[in-house]
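The values are calculated or read from the model by the stated rules, or taken from the named source; none is laboratory data. On a predicted model such as this, the values are computed, not experimentally measured, just so you know. Here the Cβ is made from the backbone with ideal geometry for all residues, glycine too, and neighbour counts use every protein chain on show.
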Amino acid sequence: MKPDEWIAHDPDPDAVAELSACTPDELAARFSGSLRFGTAGLRGPMRAGPTGMNVAVVLRATWGLARVLKDHRSRAAGDIEHRSRAAGDIEHRSRAAGDIDKRPGGSAVFIGYDARHGSRRFATAAAEVLAAEGFSVRLLPGPLPTPVLAFAVRQTGAAAGVQITASHNPPSDNGCKVYLDGGVQIGSPTDREIETAIASAPYADQIDRAPVAPDESSDIVEHYLRRAAAVRRGSGPVRVALTPMHGVGGAPVVEALRRAGINDVHTVAAQFAPDPDFPTVVFPNPEEPGAADAVLDLAARVDADVAVALDPDADRCAIGIPDDGGWRMLSGDETGWLLGDYILSHPTLEVPPVTSTVASSVVSSRMLASIAAAHGARHVETLTGFKWLARAAGDDLVYAYEEAIGHCVDPAAVRDKDGISAAVLCCDLAATAKAAGRDLRGLLDDLARDHGVHLPSSITERSDDAAAVMTRLRDDPPTRLAGFDVTAASLADVLILAGDNGGTWVRLAVRPSGTEPKIKGYIEIGQPATDDLAAARASAQRLCEAVRRDAAALLQRGPN
């Protein structure tokens, strides 16, 4: 769409003024493309034009989503009718047609939003488009965590859910996550179908909208909190230091912990209330250096057993522990090992232990596979992202995680990463360890003795042509890495280099970033099981530094 067409039909006067004030070069940049569906949905800077998050983009994207949902529903209804005719069962066909709206692909859609700038307005716009398209829209009553929306879609059998959020992106960004039947993140080919539909969308001011009132009577939050609290398996006291990092998870996670019997919770006051400017952190992501300093300081002051940091939309959870006289944040892999082992050690009645399956992504640690084998469980490895992890094992899935502090600890309820239920289970694990005279550091040592020392690390290099660099690496992969002979294997967009030398092994998984001009390298060093953990960890650290040097040189080189 040409700039003058877009401006003439943008329904937001502020956006029109913003675009009208742009220089020709700025305008060309704004119209150089459009936001693309990446992980789960759209995400980008809040600015006018097709390359930013704004009301016009939300209207057209929601119109495209409505078209695809209707197409899916029509195909599903046709399949039901076709099957019924083939069986010659007219009565069954009538019942099935009457039940369509209760099945995945029905007409109900949930809309949620976080506390970022513009989120409420974008959520209202999305709800109005879907209502005008004939969907039964339930607009959640206020800023809420993303897992609540995913829970609502799964538990009610809704056709879809839209959460307005930019997760842990900077304050200047916003976006939306889309969930389909079963409360699973959108994936291929549906994401491409929506993009194709958006391309044919009317001008933004010509898209029909119908008023939608917030669903103030919704009991979804109550049911979600009850379920999140129920993931606790043990009992006993535990002292918790917690921060929601200016996001929407503060009150819900405290309430979920209270219902789980965990009341000794100390919060970072300056970071507890939602604040879209995230004033106390440079980058609102618990993984970023320094982002969790406030909660670690609080944990030390109150002599906590565990520290918990959520990201702004509360779908990710990071854990801090006392270690060598201070406090440190665990990596997502370390938390994944602890939770995977705890869940498999304490099975629930919903999934018998003989059928339990755990899953992790291709860029996450190998230790979960070893833990699963020790428990007689199955391990599945998927591509990066919860849109893949959530589809890993059907009803047998009991746990899934990715190294970027995403943990799915109750797949039957939330088929996505959920920072609140993960926080409850992490605190429960800390309480169980405390009751036995142990701590989380000791449990990590136990896992290292049983499964060998695993040392994950990562490296990121900027690249203006990540695709070309990846092509070069695939066409001419290195055969040596940190003195190890390595072999190369490709899995979708990931190149894996791996080598083993008498039980000590190295692994480097390389992939382009899905949202930024970067290439990421995921390193893991493995050492054989031993009681001399100090020596094994020191050796692994030295080897990791050597791999990092080689990986940096590898990723910095441009294509030949």
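Out of the range 236-274, which residues are in contact with a helix residue (DSSP H, G or I) (Cβ under 7 Å, 6 or more places away or on another chain), closer than 26 Å to Leu344 by Cα and either assigned to a loop (DSSP other than H, G, I, E, B) or among the hydroxyl-bearing types (Ser, Thr, Tyr) (or both)?
Gly236, Pro237, Val238, Arg239, Ala260, Ile262
Please count how many residues of the range 389-420 are within 23 Å of Pro286 (Cα to Cα), assigned to a helix (DSSP H, G or I) and out of contact with any Phe, Trp or Tyr (no Cβ under 9 Å at 6 or more places or on another chain).
Residues that pass the stated criteria total 1.
Checking Asp531 against (1) acidic (Asp, Glu); (2) outside any loop (DSSP other than H, G, I, E, B); (3) within 26 Å of Ser370 (Cα to Cα), only one condition comes out false. Which one?
The number of the failed condition is (2).
When residues of the range 507-533 are filtered for being of a type in the set (Asp, Glu) and within 18 Å of Arg548 (Cβ to Cβ), how many remain?
Selection size over the range 507-533: 1.
So which of Ala269, Ala273, Ala294 is of a type in the set (Gly, Ala, Ser) and within 19 Å of Ile321 (Cβ to Cβ)?
Matching residue, one of Ala269, Ala273, Ala294: Ala294.
Under 6 Å between Cβ atoms, which residue pairs at least 6 apart in sequence (or on different chains) link something in the range 4-18 that is in the same structural domain as Val55 (by TED's automatic domain parsing) and farther than 19 Å from Ala125 by Cα with a partner that is among the aliphatic types (A, V, I, L, M) and buried (at least 16 other Cβ atoms within 10 Å of the Cβ)?
Once the first residue is in the same structural domain as Val55 (by TED's automatic domain parsing) and farther than 19 Å from Ala125 by Cα and sits in the range 4-18, its partners that are among the aliphatic types (A, V, I, L, M) and buried (at least 16 other Cβ atoms within 10 Å of the Cβ) give Glu18/Ala48.
When you go through Asp305, Asp311 one by one, which is the residue that is among the acidic types (Asp, Glu), buried (at least 19 other Cβ atoms within 10 Å of the Cβ) and in contact with a Lys or Arg (Cβ under 6 Å, 6 or more places away or on another chain)?
Sole residue among the options that is among the acidic types (Asp, Glu), buried (at least 19 other Cβ atoms within 10 Å of the Cβ) and in contact with a Lys or Arg (Cβ under 6 Å, 6 or more places away or on another chain): Asp305.
How many residues are outside any helix (DSSP H, G or I), modelled with pLDDT of 95 or more and within 30 Å of Leu491 (Cβ to Cβ) when one looks only at the range 315-356?
The number of residues fulfilling the criteria is 8.
Do we find that Arg507 is touching a residue at least 60 places away in the same chain (Cβ under 8 Å), more than 30 Å from Val238 (Cβ to Cβ), surrounded by 18 or more Cβ atoms within 10 Å (Cβ to Cβ) and not assigned by TED's automatic domain parsing to the domain that holds Trp337 in this structure?
Against the criterion (touching a residue at least 60 places away in the same chain (Cβ under 8 Å), more than 30 Å from Val238 (Cβ to Cβ), surrounded by 18 or more Cβ atoms within 10 Å (Cβ to Cβ) and not assigned by TED's automatic domain parsing to the domain that holds Trp337), Arg507 qualifies.
Among the numbered criteria (1) in contact with a strand residue (DSSP E or B) (Cβ under 6 Å, 6 or more places away or on another chain); (2) not in a strand (DSSP E or B), which single criterion is violated by Gly521?
(2)
Note down all Cβ pairs under 7 Å where the first residue falls in the range 107-124 and is among the basic types (Lys, Arg), the second is surrounded by fewer than 24 Cβ atoms within 10 Å (Cβ to Cβ), and they're at least six residues apart or on different chains.
From the range 107-124, the pairs are Arg116/Pro276; Arg121/Val55.
So that you can scan it fast, the table gives a plain yes or no per residue for (1) over 27 Å from Thr243 (Cβ atoms); (2) among the polar types (S, T, N, Q):
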position: Met367; (1), (2): yes, no
position: Leu383; (1), (2): yes, no
position: Lys387; (1), (2): yes, no
position: Ala404; (1), (2): no, no
position: Ile420; (1), (2): no, no
position: Ala433; (1), (2): no, no
position: Arg438; (1), (2): no, no
position: His454; (1), (2): yes, no
position: Ser457; (1), (2): no, yes
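Look through the range 442-500, keep the residues that are acidic (Asp, Glu) and assigned to a helix (DSSP H, G or I), and return whichever of them is surrounded by the fewest Cβ atoms within 10 Å (Cβ to Cβ).
Looking at the filtered set, the residue picked out is Asp475.
Search the range 166-212 for residues being within 18 Å of the chain's Cα centre (by Cα) and among the aliphatic types (A, V, I, L, M), and hand back the single one that is nearest to Arg121 (Cα to Cα).
Ala166
Among Ile459, Ile519, which is closer than 23 Å to Thr335 by Cβ, β-branched (Val, Ile, Thr) and not assigned by TED's automatic domain parsing to the domain that holds Ala369?
None of the other options fit; the residue is Ile459.
Does any residue of the range 270-284 turn out to be aliphatic (A, V, I, L, M), buried (at least 19 other Cβ atoms within 10 Å of the Cβ), assigned by TED's automatic domain parsing to the domain that holds Ile321 and within 29 Å of Tyr342 (Cα to Cα)?
No: zero hits.
Check Ala127, Ala123, Ala158, Ala166 and return the single one that is more than 17 Å from Ile220 (Cβ to Cβ) and crowded, with 24+ Cβ neighbours inside 10 Å.
Ala166
Check Val510, Val486 and return the single one that is under 16 Å from Pro456 (Cβ atoms), at pLDDT 90 or above, in contact with a Lys or Arg (Cβ under 9 Å, 6 or more places away or on another chain) and not aromatic (Phe, Trp, Tyr).
Val510
Which ones in the range 221-235 are farther than 30 Å from Phe283 by Cβ, at pLDDT 95 or above and either over 24 Å from the mean Cα position of the chain (by Cα) or not in a loop (DSSP other than H, G, I, E, B) (or both)?
Glu222, His223, Arg226, Arg227, Ala229
Going by what's in this entry, would Ile523 be described as over 30 Å from Leu35 (Cα atoms) and touching a residue at least 12 places away in the same chain (Cβ under 8 Å)?
The answer is yes for Ile523.
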